[in-house]
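K.L.:
Sharing a structure here in C-alpha cells format.
FYI, it's all coordinate maths here, none of it is from the lab. Values in this document were obtained by computation on a predicted structure and should not be read as measured data. Cβ sites come from the backbone with ideal geometry, for glycine too, and all protein chains shown count toward neighbours.
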Amino acid sequence: MSPPVGSGVHASGNALHRTLGARDLVLLGIGCVVGAGIYILPGVAAADYAGPAVTIAFLLAGAGCLLTGLCYAELAAAMPEAGAAYLYAARAFGARPALWVGWMLMLEYWLAGATVATGFIAYLQSLLHDCGMSMPQSLVTATIAPAHGAASSTGPRADIAAMLALGLAGFALMFGARVTAHANTALVAVKIGVLALFLVVGFSHVHPGLWHPFLPPSDGPFHYGPSGLVRATSIVFFAYLGFDAVANGAAEARRPGRDVPFGLIMTLLVSTALYIAVALVVTGIVPYRQLDVPDPVARVMSAIGYSGLSSLIKVGALAGLGSVMLVNTYGHSRICLSMARAGVLPGWMARVDTTSGAPRAGIAATAFAAGVVAALFPISILADVVSLGTMAAFAGVALSAMRLRVSEPDLPRRFRIPLGGVARWGLWFGIVPVAAFAVCCTMIGVVLTDLTLQAATGHPAPLIFLGAYIVAGAILIERMMRSGRRLTP
C-alpha cells in the first residue's frame, strides 16, 4: 500500500528529486501564469465586461491572489511535499474536505490544460496561415459543436492537434523536473522577450483618448460598470493558476523554506506588472469593443501596420501557451501523485521513475485526460468553470492556514503570514487569510450568479457541466469515505 500523503516517508523509488532552486520556481510560476492571461484574456475581459478598466481587474485579481499567495507561502514552506492545496486541507480538516479540494483542483487543472491547448492550436493555425499553410479543419475542430455558430467542418472531427500538443508537453515532463525547468526557462525567455518588444513598440502608438471612459457605463448586469469590473476580475483570476504549481514545486525544491515563498511572491509581482502593461497597450491602441478576438495582442500589432511583428507576437504566444501547458501538466501530475499516495487515486499514479525522478504514469494520465477534453469539447463555453475551480482551491488554502495555526502550532514555519490575527473557535482569524477567503467567496458568488443568468437566457451548458461534476464528486467522495480506507495523514 502506498504511504499516506503527508507522512514524509515514501517507498523506495517513489521519492521526487530535489533539484529546483529559487530561480526555477519563479520561472515555473511565470511559465504557468503568463500565458492565456496575456494573450487571450485582456481582449475578452475588455470587450465584454470592463473596457479599459480591465487593467484594474488585473490589479484587483493580483491583490486578491497576493493574499492567497501569502497563505500558500506559509503552508508550502512548512509542508514541502507534492499536493499543495489538497495536502493542506487533508492536514487541516481531514478526509472529506480534502477530497473536495482535490476534486476541484482536478477540475481546475483538467480544464485549464485543455483550454490552453485549444488556444495554442488557434495561434498555431494563425501563424501557419501567415506562412501560406494550414491544418485540416477536421483535426483542429472540437467534436461537439459550440453553442453558437455552425460547425466549421462536416463529417468526423476532433481537435487532435490540441491533444498532440498536450502529449508533447507530457513527454517533455517525463525527463524530470530538472529538464522540465530548462525547457520552461527557454520558453519563458522567448515569450518575455517578445512581450518586451511588444510593449516598447506598443506604448509609442498608444492613444490615451481610447482610455476614456476608463470604466464604461453599465449596459446591463455584469456588462461594463462596477458589476462588469467585478465580473472581469473573476475571469482573470484564471490567469493566476500558476500559484498552485509553484507550491507543488516545494516537493522538488532544494531549499523549500526559503525558495518557495520567494517564488510565489515574485511570480505574482512580475506577472501582475506584465498583465497591467499589456492591458494598457491593448486598450490604448484598439477600441475595446473590437478586442473580442482570440489573438488580441497580434490584432494590436496588425492595427498599427506591423504585420511582420504580428507574426513574431504569435511565436511568442506559442512559447507562452506552451510553457503554460508544460507547467499546468506538471502541477496536475503532482496533485495526482499526492492523492494516489493517500489512496484516493490508483497506486500506479504514485510511482516515480528512479532515473528521472518523474511520476511518468501520472504525467501520461493527466496529459491524456486533458487531451481528450480538448479534442472533444469547445472549451470556451467552460472557461468560467475553470475559474471556479481555481477560486475554490484558493479558498481551501486560506481556511487551511487558519486551521493549522491552531491545530498544529509547532509546524516549522520558515515563512509566516504577516499582519497577525486572533485565535477563536478552533481557527486563527488572521487579517490576510480572512481577506483571502472573503475575496474568493465573493468571486465564486459573482461567477455563479452570471452562470445562472446565462442559463436563464438559453445558454445553460457551463452550469449543467458544473452541476454534473459536483454531483459526480459527491457520489465518488461518499463512496470513498465508506470504503474504510485511510485517506489522510
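K.L.:
Compute the angle between helix 95-130 and the longest alpha-carbon principal axis of the chain, please, reported from 0 to 90 degrees and rounded to the nearest 10.
P.N.:
The angle comes out at about 30 degrees.
K.L.:
OK, next. Label points 7 Å out from Cα along the Cβ direction at Met481 and Ala189: separation in nm?
P.N.:
Spacing of the two 7 Å Cα→Cβ label points: 5.1 nm.
K.L.:
Please return the longest range in the chain lying between exposed loop sites, taking chymotrypsin sites (Phe, Trp or Tyr not before Pro), DSSP loop only, at most 16 other beta-carbon atoms within 10 Å, and leaving the sites out.
P.N.:
Segment 1-213 is the longest.
K.L.:
Length gain on complete extension for the stretch His212 to Phe368, per 0.36 nm per residue less the alpha carbon to alpha carbon distance?
P.N.:
Here the answer is 51.6 nm.
K.L.:
Once the Cα atoms of helix 307-341 and of the chain are each reduced to a long axis, what angle between those two axes, in degrees from 0 to 90 to the nearest 10, is obtained?
P.N.:
On a 0 to 90 degree scale, this one is about 20.
K.L.:
Right, next: Please list, by residue number, every one of the trypsin sites (Lys or Arg not before Pro) in the stretch 247-331 that is coil in DSSP and has at most 16 other beta-carbon atoms within 10 Å.
P.N.:
Qualifying residues, ordered by number: Arg254.
K.L.:
While we're on this one: To the nearest 10 degrees, how steeply does helix 383-407 sit against the main Cα axis of the chain, on a 0 to 90 scale?
P.N.:
Between the helix axis and the principal axis of the chain, the angle is about 30 degrees.
K.L.:
Contour minus end-to-end for Leu376 and Ala474, with contour as 0.36 nm per residue of separation and end-to-end as the Cα-Cα distance?
P.N.:
Roughly 32.8 nm would be gained on extension.
K.L.:
To the nearest 20 debye, what is the magnitude of the charge dipole of the chain about its Cα centre, counting +1 on the Cβ of each Lys and Arg and -1 on the Cβ of each Asp and Glu?
P.N.:
1280 debye
K.L.:
Grab the DSSP H runs of the chain that are 4 residues or longer, score each as -39,500 (n - 2.57), total them, divide by all residues and round the 222 nm result to the nearest 500 deg cm²/dmol.
P.N.:
Counting only the DSSP helices, I get -22000 deg cm²/dmol.
K.L.:
Net charge near Gly420: determine it from the other residues with C-beta under 15 Å of the C-beta of Gly420, scoring Lys and Arg +1 and Asp and Glu -1.
P.N.:
+3
K.L.:
For Thr354 and His223, compute 0.36 nm times the residue count separating them, minus their Cα-Cα distance, and round to one decimal in nm.
P.N.:
My answer for the length gained is 41.9 nm.
K.L.:
Compute the relative contact order of the chain as a whole-number percentage, counting only Cα pairs closer than 8 Å that sit 6 or more residues apart in sequence.
P.N.:
35 percent
K.L.:
Which part of the stretch 45-73 falls in the paramagnetic zone of Thr442, meaning amide N under 15 Å from the point 7 Å along Cα-to-beta-carbon?
P.N.:
56-68
K.L.:
Would you mind computing, in nm to one decimal, how far apart the modelled labels at Ser307 and Ser134 are, each placed 7 Å from Cα along Cα→Cβ?
P.N.:
Taking the simple label geometry, Ser307 and Ser134 are separated by 1.7 nm.
K.L.:
Which part of the stretch 83-115 falls in the paramagnetic zone of Asp410, meaning amide N under 11 Å from the point 7 Å along Cα-to-beta-carbon?
P.N.:
none
K.L.:
To the nearest 0.05, what FRET efficiency results for Ala456 and Arg258 with a Förster distance of 51 Å applied to their C-beta separation?
P.N.:
0.50
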